[in-house]
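A.B. asks: The structure under discussion is supplied below as structure tokens; questions concerning it will follow.
The values are calculated or read from the model by the stated rules, or taken from the named source; none is laboratory data. None of these values were measured; they are calculated from a predicted model. Positions of Cβ are backbone-derived with ideal geometry, glycine not excepted, and every protein chain shown enters the neighbour counts.
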Amino acid sequence: MNPETHERSIADYKPIVGENVIDQLQRLAKKLNGARVLHVNSTAKGGGVAEILNWMIPMLHDLEINAEWHVIKGDQPFFNVTKNFHNALQGKECLLPAEDERIYLEHNEKNAAELDLDADHVFIHDPQPASLIEHRTRGTWIWRCHIDISQPCQSVWDFLKQYVNKYNASIFSMPEFAQSLPIPQYLVPPSIDPLSEKNRELAEEEIAKELEKLEITHEKPILLQVSRFDRFKDPIGVIKAYKLVKKHKDCILVLAGGEATDDPEGPAVLQEVRNHAAEDPDIRILSLPPLSDTRINALQRTADIIIQKSVKEGFGLTVTEGLWKGKPVIGGEVGGIKMQIQNGINGYLVNSVEGTAYRIRQLLHNPQMAAKMGTYAREYVRHNFLLTRHIRDHLAIMIATQHPQETYIQV
Amino acid sequence: MNNGGVSPFLFWDCVQLIEITDRTAADLSELLGGVREVPTNSIFLHMHQSFLKYHFFPPEYTNDFSEWVSLQLGDDALAEKISEIDPFDYVNIEDLRQRLIKILEEHMHDGIAHGRVRPGEEFHFNQSVTIEMLTDLRATNLREFRECLEKIPLTSLYYHIFEARLRLEKKTDDFSYWIEDSVGMPELAEKMNRMDPYMYSLEDLREELIKLVGSYESRDA
């Protein structure tokens, strides 16, 4: 489906996760007996869902699952409606005009007519294609919700819920996102691909080359936050914390984020960040273009401490990426960051600028402790947040939906 | 002793799916309400899921109830009381649930319990769906058994030690049962049965089992 073909095989992950993990995946897949599996989402490129499907489909093929990925089509009015749905489900106040409902349903009807929805297991990702369930012919249907719907705007959620209720099961990333639904709600946290460009091992020369391009030298300890310039990520709080640290310990702060062209607030936040950084040459603000994965990887591998001082967060995959690079991560005590950081073990959870500064100082003054925490950080991701665990959960859910109401399933 | 007619030990593996519910608790009264009403597999899950997570050190508490009560409610006395429950003292999960209820009720009756957590810090009641699969590993004597222990996934160990014992309401774990019943080594079975798996990580438990079985291997010739 996606032009950026994922060329890795499941065996390539054996040295990373161990033979047992791969054996278990093969055992589970075998029980599905070459099932036809269909994934449907709304975008082929860009965004976390496309990223996941880009590696998941070839992996499923490798496990002899007959998997396909379809992307629904839509015009601008449809995507405007679904963008509003997306915002409303994440808590933004909303109205649901009848016209929006019509546009949404009509587009899904058209897509249903064009798509081959005949499969043993159908995974529908996010709200955009949710009403395709009306066109089910057979198979078990699973609604995979990637967004935070813990406090949805009621009218949009009520509208969508009437479709979600018709699925066999749903999947959420966090326990906090659970809703009152008559169908099972499985917990499947996101994951990262350790062999992707953003996460693969880099040679020293590659790292040096990337840093050179950015004109960053590692003469002083580097503090790094990678995230788009968004108030929820609190980049200004990070600068304030850095300034508190700087009084005690010389260091460099790198704030690296995407250009965020689709976020109308992005340029304003970026400007505010620049104003706060003022003329400090040790604060580096990097507005990175798309396809900067190698650069981000190099930055994360060079940083001494990785920060994600979010005040609101979905899961926080940049935390996962940082932990995987063997770095202690200081993260805001919100959302999925709480699932990933074990306070004082692989990083610190913080609630304030002062707390962030204090933890940075602790780690900078105790490099041996920081290195140990980094080792734990990597192991924690290896066991919990790599794509092999994600595939395992999906395979298990397919089996579970064939045995509704059963809590112990022998296969 | 192994007389050549030993029925093989078949190693099973399991995958545990977490099913989230919209039931939460923000104080002890709500926690008690949940403990009374959730399905038994939810109680089992919250008493054991910590073992399937990776830990760098033995966690302070191995059950979710103690962890939440200590960390979020700041009630260490109650956390300690719950942590002292040995699930293997109970024949089934329902009895274990009753013990939990009694501890919570007594604590609340003593007037020690108070306070509600902030939004976002609630206890989330989950339940589990366990998928059990037969592996191709099997053992007909102690040496093969030890070799299998070295190879099995940790989830297999979890299945045979915790899942099989409590859920199937056996008085012993699968390993001890086979060693006594099929291999005919009651002393080893007894030692294995007396191990305290709640005090180990699964990785450490594997090591301990391998050592113990290894020390008896020569007697199984």
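A.B. asks: Only one of (1) touching a strand residue (DSSP E or B) at 6+ places or on another chain (Cβ under 8 Å); (2) at the interface with another protein chain (Cβ under 7 Å from one of its Cβ atoms) fails for A:Tyr380. Which number is that?
C.D. replies: A:Tyr380 satisfies every listed condition except (1).
A.B. asks: Restricting to segment A:178-216, and then to whatever is among the acidic types (Asp, Glu), surrounded by fewer than 18 Cβ atoms within 10 Å (Cβ to Cβ) and touching a residue at least 24 places away in the same chain (Cβ under 8 Å), can you tell me which residue is nearest to the other protein chains (Cβ to nearest Cβ)?
C.D. replies: Restricting to residues being among the acidic types (Asp, Glu), surrounded by fewer than 18 Cβ atoms within 10 Å (Cβ to Cβ) and touching a residue at least 24 places away in the same chain (Cβ under 8 Å), the top hit is A:Glu197.
A.B. asks: Does segment B:152-190 hold any residues that are under 20 Å from B:Ser128 (Cα atoms), touching a His at 6+ places or on another chain (Cβ under 9 Å) and not aliphatic (A, V, I, L, M), and which are they?
C.D. replies: B:Tyr158, B:Phe162, B:Glu163
A.B. asks: Given the options A:Ile397, A:Ile409, A:Ile337, name the one that is touching a strand residue (DSSP E or B) at 6+ places or on another chain (Cβ under 7 Å) and in the same structural domain as A:Glu19 (by TED's automatic domain parsing).
C.D. replies: A:Ile397
A.B. asks: Here's another thing I want to ask about it. Here is a list: A:Lys325, A:Lys372. Which entry is crowded, with 21+ Cβ neighbours inside 10 Å, of a type in the set (Lys, Arg) and at pLDDT 95 or above?
C.D. replies: Of A:Lys325, A:Lys372, the one residue that is crowded, with 21+ Cβ neighbours inside 10 Å, of a type in the set (Lys, Arg) and at pLDDT 95 or above is A:Lys325.
A.B. asks: So which residues in segment B:140-170 are within 19 Å of B:Val15 (Cβ to Cβ), aliphatic (A, V, I, L, M), within 14 Å of another protein chain (Cβ to nearest Cβ) and assigned to a helix (DSSP H, G or I), if there are any at all?
C.D. replies: Residues satisfying the conditions are B:Leu154, B:Leu157, B:Ala164, B:Leu166.
A.B. asks: Now for a different question. With the requirement that a residue be charged (D, E, K, R) and within 11 Å of another protein chain (Cβ to nearest Cβ), what does segment A:357-377 give you?
C.D. replies: Selection gives A:Lys372 alone.
A.B. asks: To continue, here is another question. So which of A:Ile142, A:Ile72, A:Ile103, A:Ile147 is β-branched (Val, Ile, Thr) and at pLDDT below 90?
C.D. replies: The conditions single out A:Ile147.
A.B. asks: Against the definition (under 28 Å from B:Tyr54 (Cα atoms), of a type outside the set (S, T, N, Q) and crowded, with 16+ Cβ neighbours inside 10 Å), how does B:Arg194 come out, yes or no?
C.D. replies: Considered against the rule, which asks whether it is under 28 Å from B:Tyr54 (Cα atoms), of a type outside the set (S, T, N, Q) and crowded, with 16+ Cβ neighbours inside 10 Å, B:Arg194 comes out as no.
A.B. asks: Which is out of contact with any His (no Cβ under 8 Å at 6 or more places or on another chain), of a type outside the set (Asp, Glu) and within 26 Å of A:Gln151 (Cβ to Cβ), of A:Gln342, A:Gln308?
C.D. replies: Every option except A:Gln308 fails the conditions.
A.B. asks: For segment A:144-167, name all the residues that are in contact with a Cys (Cβ under 7 Å, 6 or more places away or on another chain) and in a loop (DSSP other than H, G, I, E, B).
C.D. replies: Once the filter is applied, which keeps residues that are in contact with a Cys (Cβ under 7 Å, 6 or more places away or on another chain) and in a loop (DSSP other than H, G, I, E, B), segment A:144-167 yields only A:Cys153.
A.B. asks: For A:Ile345, only one of the following conditions fails: (1) assigned to a helix (DSSP H, G or I); (2) within 10 Å of another protein chain (Cβ to nearest Cβ); (3) touching a Phe, Trp or Tyr at 6+ places or on another chain (Cβ under 8 Å); (4) not hydroxyl-bearing (Ser, Thr, Tyr). What is its number?
C.D. replies: Checking A:Ile345 against (1) assigned to a helix (DSSP H, G or I); (2) within 10 Å of another protein chain (Cβ to nearest Cβ); (3) touching a Phe, Trp or Tyr at 6+ places or on another chain (Cβ under 8 Å); (4) not hydroxyl-bearing (Ser, Thr, Tyr), the one that fails is (1).
Yes/no per residue for (1) over 22 Å from the mean Cα position of the chain (by Cα); (2) closer than 28 Å to A:Ile409 by Cα:
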site: B:Ser7; (1), (2): yes, yes
site: B:Phe11; (1), (2): no, yes
site: B:Gln16; (1), (2): no, yes
site: B:Arg23; (1), (2): yes, yes
site: B:Glu30; (1), (2): yes, no
site: B:Val38; (1), (2): no, yes
site: B:Ile43; (1), (2): no, yes
site: B:Met47; (1), (2): no, yes
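A.B. asks: Shifting gears a bit: As an exercise: evaluate B:Gly120 against (1) within 12 Å of chain A (Cβ to nearest Cβ); (2) under 25 Å from B:Glu203 (Cβ atoms); (3) among the small types (Gly, Ala, Ser); (4) free of Cβ contacts under 8 Å to residues at least 24 places away in the same chain and give the number of the one condition it does not meet.
C.D. replies: Result: B:Gly120 fails condition (2) only.
A.B. asks: Only one of these conditions is not met by A:His394: (1) away from every other protein chain (no Cβ under 12 Å); (2) at pLDDT 95 or above. Which number is it?
C.D. replies: Checking A:His394 against (1) away from every other protein chain (no Cβ under 12 Å); (2) at pLDDT 95 or above, the one that fails is (1).
A.B. asks: Same structure, new question: Taking the residues in segment B:35-91 that are aromatic (Phe, Trp, Tyr) and touching a residue at least 12 places away in the same chain (Cβ under 8 Å) as candidates, determine which candidate is nearest to A:Met339 (Cα to Cα).
C.D. replies: Top of the filtered list is B:Trp68.
A.B. asks: Every residue in segment A:11-43 that is touching a residue at least 60 places away in the same chain (Cβ under 8 Å), away from chain B (no Cβ under 14 Å) and not hydroxyl-bearing (Ser, Thr, Tyr), please.
C.D. replies: A:Asp12, A:Ile16, A:Ala35, A:Arg36, A:Val37, A:Leu38, A:His39, A:Val40, A:Asn41, listed by residue number.
A.B. asks: May I pose another question? Going residue by residue through segment B:176-187, is there one that turns out to be within 21 Å of B:Tyr90 (Cβ to Cβ) and crowded, with 22+ Cβ neighbours inside 10 Å?
C.D. replies: Within segment B:176-187 (the criterion being within 21 Å of B:Tyr90 (Cβ to Cβ) and crowded, with 22+ Cβ neighbours inside 10 Å), the answer is yes, since at least one residue qualifies.
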